[in-house]
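Chemist: What follows is a single structure, and I will ask about it in a moment.
The values are calculated or read from the model by the stated rules, or taken from the named source; none is laboratory data. Keep in mind it's a predicted model, so treat the numbers as computed, not measured. Every residue, glycine among them, receives a Cβ derived from its backbone with ideal geometry; neighbour counts consider all protein chains shown. Side chains are part of the model used for accessible areas, which takes the heavy atoms of the whole protein and leaves out ligands, DNA and RNA. Shrake-Rupley method; radii C 1.70, N 1.55, O 1.52, S 1.80 Å.
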Amino acid sequence: MEGWAWWAHKYIMHGWGWSWHADHHEPHDNLFEKNDLFAVVFGSFAMALFVIGWLWFPPLWYVAAGITVYGLVYSFVHDGLVHQRFPYKWVPKKGYWKRLVQAHKLHHATTCKEGAVSFGFVLAPDPQKLRVKLRELKEARRAAGSL
Ligand SMILES: [Zn+2]
Ligand SMILES: [Zn+2]
(Lines give C-alpha, C1' and ligand atoms only; values in the text may rest on other atoms or scores of the structure.)
(Ligands and ions follow the chains in the order given, each with its own letter.)
Protein backbone atom coordinates (compact mmCIF):
# COMPACT_ATOMS: atom_id res chain seq x y z
CA MET A 1 0.00 0.00 0.00
CA GLU A 2 2.80 2.40 0.80
CA GLY A 3 4.31 1.71 -2.63
CA TRP A 4 0.98 2.32 -4.30
CA ALA A 5 0.42 5.50 -2.27
CA TRP A 6 3.87 6.76 -3.28
CA TRP A 7 3.17 5.98 -6.92
CA ALA A 8 -0.29 7.53 -6.92
CA HIS A 9 0.96 10.67 -5.19
CA LYS A 10 3.89 11.12 -7.58
CA TYR A 11 2.28 10.15 -10.87
CA ILE A 12 -1.43 10.80 -10.42
CA MET A 13 -1.73 13.58 -7.87
CA HIS A 14 1.37 15.38 -9.15
CA GLY A 15 0.45 14.30 -12.71
CA TRP A 16 -2.91 14.41 -14.43
CA GLY A 17 -4.70 14.65 -11.08
CA TRP A 18 -2.91 17.87 -10.14
CA SER A 19 -6.06 20.00 -10.45
CA TRP A 20 -7.51 18.13 -7.45
CA HIS A 21 -4.29 17.98 -5.48
CA ALA A 22 -3.12 21.59 -6.04
CA ASP A 23 -5.16 23.08 -3.22
CA HIS A 24 -3.50 20.71 -0.77
CA HIS A 25 -0.25 22.54 -1.51
CA GLU A 26 -1.71 26.02 -1.04
CA PRO A 27 -2.45 27.67 2.30
CA HIS A 28 -6.16 28.27 2.94
CA ASP A 29 -8.79 28.33 5.71
CA ASN A 30 -11.38 26.07 4.11
CA LEU A 31 -12.48 23.02 6.00
CA PHE A 32 -12.31 20.82 2.92
CA GLU A 33 -9.99 20.65 -0.03
CA LYS A 34 -10.58 19.39 -3.53
CA ASN A 35 -7.79 17.00 -2.64
CA ASP A 36 -10.22 15.23 -0.30
CA LEU A 37 -11.99 13.90 -3.38
CA PHE A 38 -9.12 11.43 -3.70
CA ALA A 39 -10.11 9.96 -0.35
CA VAL A 40 -13.70 9.67 -1.59
CA VAL A 41 -12.57 7.92 -4.79
CA PHE A 42 -10.21 5.52 -2.98
CA GLY A 43 -12.87 4.91 -0.34
CA SER A 44 -15.51 4.07 -2.96
CA PHE A 45 -13.04 1.75 -4.65
CA ALA A 46 -12.44 -0.08 -1.37
CA MET A 47 -16.20 -0.30 -0.78
CA ALA A 48 -16.68 -1.86 -4.21
CA LEU A 49 -13.96 -4.42 -3.43
CA PHE A 50 -15.66 -5.25 -0.13
CA VAL A 51 -18.91 -5.97 -1.97
CA ILE A 52 -17.25 -8.06 -4.69
CA GLY A 53 -15.20 -9.90 -2.09
CA TRP A 54 -18.23 -10.55 0.08
CA LEU A 55 -20.41 -11.83 -2.74
CA TRP A 56 -18.07 -13.56 -5.16
CA PHE A 57 -14.38 -13.55 -4.40
CA PRO A 58 -13.33 -13.58 -0.71
CA PRO A 59 -9.63 -12.68 -1.22
CA LEU A 60 -10.71 -9.24 -2.43
CA TRP A 61 -12.37 -8.66 0.90
CA TYR A 62 -8.94 -8.79 2.54
CA VAL A 63 -7.49 -6.48 -0.08
CA ALA A 64 -10.28 -4.02 0.69
CA ALA A 65 -9.63 -4.36 4.42
CA GLY A 66 -5.92 -3.61 3.82
CA ILE A 67 -6.74 -0.51 1.80
CA THR A 68 -9.15 0.67 4.47
CA VAL A 69 -6.65 0.20 7.31
CA TYR A 70 -3.97 2.07 5.36
CA GLY A 71 -6.48 4.79 4.52
CA LEU A 72 -7.42 5.22 8.17
CA VAL A 73 -3.80 5.36 9.31
CA TYR A 74 -3.08 7.81 6.51
CA SER A 75 -5.92 10.13 7.40
CA PHE A 76 -5.15 10.10 11.12
CA VAL A 77 -1.46 10.70 10.61
CA HIS A 78 -1.51 12.89 7.52
CA ASP A 79 -4.62 14.97 8.16
CA GLY A 80 -4.59 14.77 11.93
CA LEU A 81 -0.97 14.79 13.01
CA VAL A 82 0.77 16.62 10.17
CA HIS A 83 -1.90 19.07 9.01
CA GLN A 84 -3.81 19.28 12.29
CA ARG A 85 -7.25 19.10 10.76
CA PHE A 86 -8.64 17.02 13.62
CA PRO A 87 -9.20 18.37 17.09
CA TYR A 88 -6.19 16.79 18.70
CA LYS A 89 -2.79 18.28 19.08
CA TRP A 90 0.36 16.30 19.53
CA VAL A 91 3.63 17.56 18.19
CA PRO A 92 6.19 14.74 18.22
CA LYS A 93 9.53 15.87 19.56
CA LYS A 94 11.76 13.02 18.51
CA GLY A 95 12.20 9.74 16.72
CA TYR A 96 10.15 8.25 13.93
CA TRP A 97 7.08 10.45 14.30
CA LYS A 98 9.05 13.64 14.23
CA ARG A 99 10.89 12.45 11.13
CA LEU A 100 7.59 11.55 9.46
CA VAL A 101 6.12 15.00 10.14
CA GLN A 102 9.27 16.74 8.89
CA ALA A 103 9.43 14.58 5.77
CA HIS A 104 5.88 15.46 4.86
CA LYS A 105 6.37 19.14 5.65
CA LEU A 106 9.26 19.04 3.19
CA HIS A 107 6.91 17.57 0.62
CA HIS A 108 4.94 20.77 1.13
CA ALA A 109 8.00 22.95 0.62
CA THR A 110 6.87 23.40 -2.98
CA THR A 111 3.49 24.70 -4.05
CA CYS A 112 3.66 23.42 -7.59
CA LYS A 113 3.35 20.22 -9.51
CA GLU A 114 7.04 19.69 -10.22
CA GLY A 115 10.07 19.62 -7.97
CA ALA A 116 8.53 18.06 -4.86
CA VAL A 117 10.24 15.42 -2.71
CA SER A 118 9.00 12.73 -0.33
CA PHE A 119 5.87 11.35 -1.96
CA GLY A 120 5.64 8.33 0.28
CA PHE A 121 4.25 8.58 3.70
CA VAL A 122 4.67 5.88 6.30
CA LEU A 123 8.27 5.24 5.32
CA ALA A 124 9.72 8.59 6.21
CA PRO A 125 13.15 9.32 4.75
CA ASP A 126 15.82 11.32 6.54
CA PRO A 127 14.81 15.03 6.40
CA GLN A 128 18.44 16.03 5.92
CA LYS A 129 18.64 14.00 2.72
CA LEU A 130 15.31 15.40 1.55
CA ARG A 131 16.58 18.94 1.99
CA VAL A 132 19.58 18.15 -0.18
CA LYS A 133 17.35 16.56 -2.81
CA LEU A 134 14.98 19.52 -2.73
CA ARG A 135 17.86 21.90 -3.32
CA GLU A 136 19.13 19.79 -6.22
CA LEU A 137 15.73 19.72 -7.87
CA LYS A 138 15.41 23.46 -7.49
CA GLU A 139 18.80 24.05 -9.05
CA ALA A 140 18.01 21.68 -11.89
CA ARG A 141 14.83 23.59 -12.62
CA ARG A 142 16.58 26.91 -12.40
CA ALA A 143 19.19 25.65 -14.84
CA ALA A 144 16.43 24.48 -17.17
CA GLY A 145 14.88 27.94 -16.98
CA SER A 146 11.56 26.94 -15.45
CA LEU A 147 11.96 28.92 -12.24
ZN1 LIG B 1 1.63 16.45 -2.98
ZN1 LIG C 1 -0.03 16.97 3.09
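Chemist: From the phi angles alone, apply the Karplus equation (6.51, -1.76, 1.60; θ = phi - 60°) to region 127-142 and give each ³J(HN,Hα) in whole Hz, x where the residue is Gly or Pro.
Modeler: x, 4, 5, 5, 4, 4, 4, 4, 5, 4, 4, 5, 5, 4, 6, 5
Chemist: Out of residues 5 or more away from residue 121 or on other chains, whose amide H comes under 5 Å of its own, with H placed 1.01 Å from N in the peptide plane?
Modeler: HN-HN under 5 Å from residue 121: empty list.
Chemist: May I ask you to give the solvent-accessible area per residue for the chain, in square angstrom, as obtained with a 1.4 angstrom probe?
Modeler: That works out to 65 Å² for each residue.
Chemist: Would you kindly derive the ³J(HN,Hα) couplings of region 27-41 from the backbone phi angles with the Karplus curve 6.51 cos²θ - 1.76 cosθ + 1.60 (θ = phi - 60°), listing them in order in whole Hz, with x for Gly and Pro?
Modeler: 3J(HN,Hα) across region 27-41, in whole Hz: x, 6, 10, 6, 6, 10, 10, 4, 3, 5, 4, 4, 5, 5, 4.
Chemist: Something else: Of the heavy-atom accessible surface of the chain (probe 1.4 angstrom), what whole percent is carbon and sulfur?
Modeler: The C+S portion of the solvent-accessible surface of the chain is 68 percent.
Chemist: Let me ask something else about it. In the chain, what is the count of Lys pairs whose alpha carbons are under 18 Å apart, counting only pairs at least 8 residues apart or on separate chains?
Modeler: For the chain, the number of qualifying lysine pairs is 19.
Chemist: Given +1 on the Cβ of Lys and Arg, -1 on the Cβ of Asp and Glu, and no further charges, what dipole in debye does the chain carry about its Cα centre, rounded to the nearest 20? Write out the running numbers ahead of the final one.
Modeler: Working: 17 positive and 11 negative charges, 146 e Å.
For this selection, approximately 700 debye.
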